[in-house]
Amino acid sequence: MEHNLQNREVAVKLTGVKKMYKLGQIGGGTLHGDLESWWARIRGKEDPNTVIGTSQRLVGRTFMALNGIDLTIYQGEAVGIIGGNGAGKSTMLKLLSRVTAPTEGEIDIYGRIASMLEVGTGFHGELTGRENVYMNGAILGMTKAEIDAKMEDIIEFSEVRDFIDTPVKRYSSGMYVKLAFSVAAHLDSEIMIMDEVLAVGDMAFQKKCLTKMKDAAKKEGRTVLYVSHNMNTIRQLCDRCIVLSKGKVVYEGDVESSIAVYMDSEANDQVKMDFSDAVRPDWLYCQKVLLKKASFVDKESNIFGIREPVPIQLEWENLVDVKELCLRVEAISLEGNPVGTYTVYDFYQGKQGESGRAVVTLDTSALTEATYRLRFTFFIKDVMGNNLNIDWAEGLCFSKTSFDEEEKLVWDAVSWGYIHLPDPDVKVI
């Protein structure tokens with residue numbers, strides 16, 4: 001594959017690209033204010049324009065959003081860019097879209113770029129949908145006649161025909177995304193840059209967008225750069241992937257290998273964890289048991305199928321006599337948001353010094369494809385029936401994936417949630 005790529009024309013080339021942000025430094029709003037702040041800093045004095053109570057420890061510190069990127073993307077490729085939050089994905093796309101400039105390095109772009117970054121980029125709220133189409137086309141160097149020839153296709157694809165002459169500030173986020181994608185996909189450009197393009201919108205429109213991006217790369221020979229946290233859409237669209245971590249490229253290769261690297265870096269592919277020496281939170285009522293180990297049963301990896309149950313063996317030590325022990329297991333997204341909770345009441349009793357062991361089998365069929373972190377809480381009931389947490393530990397992760405093509409979903413967990421509810425029973429009356 002590498003040999004074939006090298007025989008193709010280059011679309012984008014990044015050489016030693018770095019992007020540095022200075023933390024804690026903002027403008028004073030006026031030239032006089034900025035000069036005051038500058039003069040105070042060089043004398044080591046307090047900034048007169050800093051809000052009272054604001055720490056100045058960050059002044060002068062830097063954050064490397066990208067730290068030495070060397071990358072070549074060829075014409076007609078569909079390249080996925082994946083990585084955790086803060087890895088540098090969106091920063092890279094902003095550099096390529098010329099929203100901002102690199103601190104160091106060179107970026108060579110061979111062709112016109114149509115980009116769709118976060119919702120709101122590239123449109124003027126006071127202009128109508130139609131006027132924004134003309135504005136975006138003009139930025140790409142297209143004539144009015146060329147834009148007119150594309151207008152009907154753009155309107156039809158966007159599904160906002162009834163509102164095309166309404167100012168876009170009145171659009172819902174879904175309408176905004178539909179029109180923005182349609183503009184980027186239909187106007188003349190050699191390179192399409194898409195950042196979480198499917199984060200808003202219904203599933204039918206998502207599928208239509210994926211098909212359009214596939215056609216752009218495969219049939220029209222356009223280059224597509226696509227950032228997403230949805231691994232299924234990456235699989236369906238991309239030829240290869242770039243994995244970013246802490247501003248650097250940590251892997252570059254085929255899609256499945258890249259996803260495996262990403263998932264491994266996010267979840268560490270651990271099948272067991274030792275919590276014996278883990279620090280417990282201060283808010284624990286008291287520690288009456290000590291969770292020592294948690295491990296997946298009969299598994300060599302932490303990857304499970306969409307409908308596969310997740311059996312976990314827990315081992316703990318009784319620090320006192322324990323009666324009517326209860327357990328709460330929380331599934332948490334890698335972004336840190338609670339997704340769902342499993343609760344077991346009054347399942348164990350034991351004497352001080354004894355070891356307890358149990359296998360807890362989680363039904364995860366409602367969870368969508370993603371990686372989840374588990375949080376374990378032992379608790380008991382007091383005389384009033386209130387929950388008293390007596391031990392707590394977090395860290396074991398598992399990933400859900402679709403092994404069967406029929407099960408693959410076009411689903412954005414960040415926007416729609418991580419729970420895929422059963423299809424409702426609908427009767428037309």
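The values are calculated or read from the model by the stated rules, or taken from the named source; none is laboratory data. Just so we're clear, the structure is a prediction, and the values are computed from it rather than from any experiment. Cβ coordinates were reconstructed from backbone atoms using ideal geometry, including for glycine residues, and neighbour counts include every protein chain displayed.
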Hits in the stretch 186-216 (condition: at pLDDT 80 or above and part of a helix (DSSP H, G or I)):
186, 208, 209, 210, 211, 212, 213, 214, 215, 216
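Considering only residues that are assigned to a strand (DSSP E or B) and farther than 30 Å from residue 229 by Cβ, which ones fall in the stretch 341-374? Steps first, answer last, please.
Here is the first cut: in the stretch 341-374, the ones assigned to a strand (DSSP E or B) are 341-350, 355-362, 367, 371-374.
Result: 344, 345, 346, 347, 348, 349, 350, 355, 356, 357, 358, 359.
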Output the number of the condition that residue 244 fails; it satisfies all remaining conditions of (1) at pLDDT 90 or above; (2) under 18 Å from residue 400 (Cβ atoms); (3) buried (at least 21 other Cβ atoms within 10 Å of the Cβ); (4) not basic (Lys, Arg).
(2)
The one condition in (1) in contact with a Gly (Cβ under 7 Å, 6 or more places away or on another chain); (2) within 26 Å of residue 77 (Cβ to Cβ); (3) not aliphatic (A, V, I, L, M) that residue 150 fails to fulfil:
(1)
Looking only at the stretch 336-346, decide whether some residue is in contact with a Cys (Cβ under 7 Å, 6 or more places away or on another chain), over 19 Å from residue 394 (Cα atoms), in contact (Cβ under 8 Å) with a residue 12 or more places away in the chain and aromatic (Phe, Trp, Tyr).
yes
Quick one: would you say residue 182 is of a type in the set (S, T, N, Q), part of a helix (DSSP H, G or I) and touching a residue at least 12 places away in the same chain (Cβ under 8 Å)?
yes
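Return the residues of the stretch 146-166 that are of a type in the set (S, T, N, Q) and surrounded by fewer than 18 Cβ atoms within 10 Å (Cβ to Cβ); say none if nothing qualifies.
Start the filter on the stretch 146-166 by keeping residues that are of a type in the set (S, T, N, Q), which leaves 158, 166.
Scanning the stretch 146-166 gives a single hit, 166.
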Checked against (1) loosely packed, with under 15 Cβ neighbours inside 10 Å; (2) among the charged types (D, E, K, R); (3) touching a helix residue (DSSP H, G or I) at 6+ places or on another chain (Cβ under 8 Å), residue 130 satisfies every condition except (1)
Matching strands (runs of 3 or more DSSP E) fully within the stretch 7-116 where at least 2 residues are at pLDDT below 80 and more than 28 Å from residue 255 (Cβ to Cβ)
10-23, 61-74
Just one of 346, 277, 321 is at positive phi and either among the aliphatic types (A, V, I, L, M) or exposed (fewer than 15 other Cβ atoms within 10 Å of the Cβ) (or both); which is it?
346
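Which ones in the stretch 218-235 are outside any loop (DSSP other than H, G, I, E, B) and within 17 Å of the chain's Cα centre (by Cα)?
As a first pass, look at the stretch 218-235 and keep what is outside any loop (DSSP other than H, G, I, E, B): 218, 223-227, 231-235.
225, 226, 227, 231, 232, 233, 234, 235 - these are the residues of the stretch 218-235 that are outside any loop (DSSP other than H, G, I, E, B) and within 17 Å of the chain's Cα centre (by Cα).
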